[in-house]
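*Asks:* If you scroll down you'll find the structure; I have some questions about it.
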Amino acid sequence: MVDDDSAMRALPRAVDTVIIGAGCAGLALASRLADQGYAQSVLVVDARHGYRDDRTWSFWAPPTHRLSAIVAAAWPTWRFDRGSSAAERADHRVPGLRYQSIRAIDYYRDAQARIAASTAVSLRLGVTVTGVEPARDSGLVPVDGHAARVLVHTSAGTVAARHVVDTRPVSTRATLFQCFVGAEVDHGGALHASPGALDSATAGLMSRMRSDDAGFAFTYVLPLTPTTALVELTRFSVEPLPLDGIARELNDELAELGLADARVVRDESGVLPMGADPVTAHPVPGVVRAGNGGGALRAATGYAFARIHEWADAAAAAMIAGDSPVAHPAEPWVRRQMDRIFLQTLRAHPERTPEFFLRLGQRVAPERLTRFLTDRARASDLLAMILALPFGPFLAQLPDRTATLARRELRAAAPHVATHRAAATPIARPESAPISAPAPSAPRERVA
C-alpha cells in the first residue's frame, strides 16, 4: 500500500518492521518483501512528500535482471581517457555485461507499484522520524504477537516494532570528496560529431582526465540516446567544494565538447565521501543500518546501487526465513586496505592521478578491472592492478593515515550531500542557458 497523504493520518501503533527512509535502499528492501509475499507488517516512512526525477543510478549487470524493464540506457563499452588519441584512451568491454543507468523517477514508480500490490507492506510519505529508542515497558505489541523491541517516534505518532532498518545518511569524514555538477542535455547529435568522440554505444566513465592547480578532474559522459546525454564535471578534493565553481567548469566543458548550445533538460550535483568513517552498529538493539549510512558507498569508486540491491536480497531472505533483517555487511579487510591505499595515493599525488587511472584502463584486462569495480576481485585481479601501477607512490601509502587525513566532515544535513553518482535538484530549462549549481534542497538519501 502507498499513501501519499500520510501526514494527515496517524500511523499504526505497532508493526513488525519499520524501514526508515524510502530512498534507494529503503525501497529496495520494501519492494522485495512485497514481491515475495512477506506476511508480516512492514511500514516504510520518509520525510519527503513525493518523488522527483532527481538522480540517475548506474551499475554493471547482465542485459536481463530484476530491474531491466526500467533501464533507461545501457552501453556494451565504457571508456577511460585523457585525450582524443588512441594512445590516451582505453575502451573496455566484458562479454555478458553492460554498463546501465536507471532514472530515479522510474525506480521510484516501479517500487511504489510493487508495494501497492502488497497488503503487508505500506509506504507513508511526509513522515519525519524524530527519535528511536528501546521499547522497554511500552505496552505496545506488534500485530504478529511478538514483543516490541523498538519505539520509533515520528511527526505522525509513535510506532512500536520488532525490527527497524535505518537507511538514513549520516555525517562522515572522508579522505577525499568526489564533487560533481552535471546536466542532461539535448544536443541534437553534436556530441558524436567530432573525431574521436564517444559514440552512442560507449559510456565515458572517466573522460578527459586532467590535473590542474585545483586538483584532479574528469568528465562523466553517458549518451542516453543518439541526441541526448548526461554530462558531469567531477573533481576529487580534500574538502567539499563549492558547487557553483564546478558548474562554471561544466559550462566550459560543454563548450569544449561542442555542446554550448545544447538544451539543458535537467541539472544535477552532489558530493560523495570517499574513504568515509567506519560504520558503527546502531546503539539501539533491534535497529540495523543500511544504505549509505550503513556503508553501501564503495570508498574507491562512489558506486553503491548494486551493493544496496545485494544487501536488500540478503535482508529480505533473512526476514522471510523468520530471522532479523541484516545490516549492510562490513567491507572485507583486503578490499578496505586496497581502497585506503589507493585513495591516500590519489590525495598525495593529484598531479599523477590521470596517469594512474589510465594505467589501470590500459594495462589491466577489462574483466579484471570490472570485477574489482563490482566487488568481485580475485587475488590475481588485485595482483594485476598492483603491477599496472607505479610501485613507489603506492608503497609510501602503506601506513594507515586515515585518522590524520580524514578531518573534514560532510554533514548529512548539508543540502548537497549525495550517496551515489546522482542528481540533486533538477532545473528544467526550455532554452540553452549557462548552468549554475542547483539551489539547496532538503537532504535526501541518494546513491550509483
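The values are calculated or read from the model by the stated rules, or taken from the named source; none is laboratory data. Remember, it's a predicted structure, so these values are computed and weren't measured experimentally. Counting neighbours? That spans all protein chains shown, and the Cβs are built from the backbone with ideal geometry, glycine included.
*Asks:* Please work out which one of (1) farther than 17 Å from Phe59 by Cα; (2) more than 18 Å from the chain's Cα centre (by Cα) is the condition Leu233 fails and give its number.
*Replies:* (2)
*Asks:* Shifting gears a bit: What do you reckon, is Glu367 in a helix (DSSP H, G or I), surrounded by fewer than 21 Cβ atoms within 10 Å (Cβ to Cβ) and of a type in the set (D, E, K, R)?
*Replies:* For Glu367, the condition - in a helix (DSSP H, G or I), surrounded by fewer than 21 Cβ atoms within 10 Å (Cβ to Cβ) and of a type in the set (D, E, K, R) - is met.
*Asks:* Which residues, counting only those in the range 24-74, are of a type in the set (Ser, Thr, Tyr), over 16 Å from the mean Cα position of the chain (by Cα) and buried (at least 18 other Cβ atoms within 10 Å of the Cβ)?
*Replies:* Ser31, Tyr38, Ser41, Tyr51
*Asks:* For Ala318, only one of the following conditions fails: (1) part of a helix (DSSP H, G or I); (2) free of Cβ contacts under 8 Å to residues at least 40 places away in the same chain; (3) within 25 Å of Leu405 (Cβ to Cβ). What is its number?
*Replies:* (3)
*Asks:* On to the next question. Which residue is surrounded by the most Cβ atoms within 10 Å (Cβ to Cβ), if the candidates are limited to the range 298-314 and must be in a loop (DSSP other than H, G, I, E, B) and of a type outside the set (Ser, Thr, Tyr)?
*Replies:* If we take residues in the range 298-314 being in a loop (DSSP other than H, G, I, E, B) and of a type outside the set (Ser, Thr, Tyr), then Ala304 is surrounded by the most Cβ atoms within 10 Å (Cβ to Cβ).
*Asks:* Tell me which residues, restricted to the range 81-108, are buried (at least 20 other Cβ atoms within 10 Å of the Cβ) and among the acidic types (Asp, Glu).
*Replies:* The answer is Asp81, and nothing else.
*Asks:* For the range 36-78, enumerate the residues that are modelled with pLDDT of 95 or more, charged (D, E, K, R) and either in contact with a helix residue (DSSP H, G or I) (Cβ under 6 Å, 6 or more places away or on another chain) or part of a strand (DSSP E or B) (or both).
*Replies:* If the condition is that a residue be modelled with pLDDT of 95 or more, charged (D, E, K, R) and either in contact with a helix residue (DSSP H, G or I) (Cβ under 6 Å, 6 or more places away or on another chain) or part of a strand (DSSP E or B) (or both), then Asp46 is the only one that fits.
*Asks:* Same structure again: Could you please let me know if Ala111 is in contact (Cβ under 8 Å) with a residue 12 or more places away in the chain, touching a helix residue (DSSP H, G or I) at 6+ places or on another chain (Cβ under 7 Å), crowded, with 16+ Cβ neighbours inside 10 Å and over 29 Å from Glu355 (Cα atoms)?
*Replies:* Considered against the rule, which asks whether it is in contact (Cβ under 8 Å) with a residue 12 or more places away in the chain, touching a helix residue (DSSP H, G or I) at 6+ places or on another chain (Cβ under 7 Å), crowded, with 16+ Cβ neighbours inside 10 Å and over 29 Å from Glu355 (Cα atoms), Ala111 comes out as yes.
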